[in-house]
Amino acid sequence: APAATAAEGAVMRQVVLDTETSGLDPLTAEVVQFARVAQQPGNCFTEWVRPKGRVNESVHIHGLTDEFLAEHGKDAREVLERGLQFETGQVLLGHNVEFDLCLLRNHAARLGFQPGFPISFDTMPLAAAVLSKEELTGLRLEMVAKVLGVELSKAHDAEADARGCLAVLERLLPRIME
């Protein structure tokens, strides 16, 4: 088999993280769904999380109700401690990943622990730099994905969005090389 290109090698070390939350303020919101996806098949961790508070208006974004999360969600500390384990050399990728990192740091602190994060890379500013203003109608993941011909299986599902983000990066990398 031919050797991987530098761009392909970079993607293979990526671990993509996405969350669905109980609100839009990363200082106070709770994680209600957590996903971590790597390019290798079978390398996915995703869980629903049982929040201490209510999901309120965010239910209209992700569709996860208080009742559903009470029945199917797992303990937040257990999910975050398992999900926030990274290997040496991994690069954390996300679309608007700074929101997720701020949220996760604050939620973890309220749960009594401080996770360590690898270096992160955000596809949102990359898309803004690489795609033309004529192509983009906005920078939300679903808008960037549409421009790049990436189909999101279910918007505002943490695992689907993480997989979509990885596909967006794979489509953006060749454009950087142009």
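Taking the stretch 149-176 as the range and being in contact with a Leu (Cβ under 8 Å, 6 or more places away or on another chain) and charged (D, E, K, R) as the test, the residues that pass are Asp161, Arg171, Arg175.
Considering Leu139, Leu104, the condition of being within 17 Å of Ala158 (Cβ to Cβ), touching a residue at least 12 places away in the same chain (Cβ under 8 Å) and surrounded by 13 or more Cβ atoms within 10 Å (Cβ to Cβ) is satisfied by Leu104 alone. Checking the stated criteria, Val97 turns out to be open to solvent by less than 50 Å² (accessible area, probe 1.4 Å), under 17 Å from His156 (Cβ atoms) and modelled with pLDDT of 95 or more.
When we screen Ala158, Ala127 for residues that are over 15 Å from the mean Cα position of the chain (by Cα) and buried (at least 18 other Cβ atoms within 10 Å of the Cβ), the only hit is Ala127. Cβ separations smaller than 7 Å between residues 6+ apart or across chains give the following pairs from the stretch 107-124 residues that are surrounded by 14 or more Cβ atoms within 10 Å (Cβ to Cβ) to residues that are in a strand (DSSP E or B) and of a type in the set (Val, Ile, Thr): His107/Val31; Pro118/Val91; Phe121/Val91.
Scanning the stretch 120-137 for residues that are over 15 Å from Leu104 (Cβ atoms), in contact with a strand residue (DSSP E or B) (Cβ under 9 Å, 6 or more places away or on another chain) and not in a helix (DSSP H, G or I) turns up just one, Phe121. Here Glu134 passes the criteria (1) in contact (Cβ under 8 Å) with a residue 24 or more places away in the chain; (2) open to solvent by 30 Å² or more (accessible area, probe 1.4 Å) except the one numbered (1).
The values are calculated or read from the model by the stated rules, or taken from the named source; none is laboratory data. These figures come from a predicted structure and were not determined experimentally. Note that we place each Cβ from the backbone using ideal geometry, even for glycine, and neighbour counts take in every protein chain shown. Just so you know, the surface numbers come from the protein's heavy atoms only, side chains and all, with ligands and any DNA or RNA stripped out. Shrake-Rupley method; radii C 1.70, N 1.55, O 1.52, S 1.80 Å.
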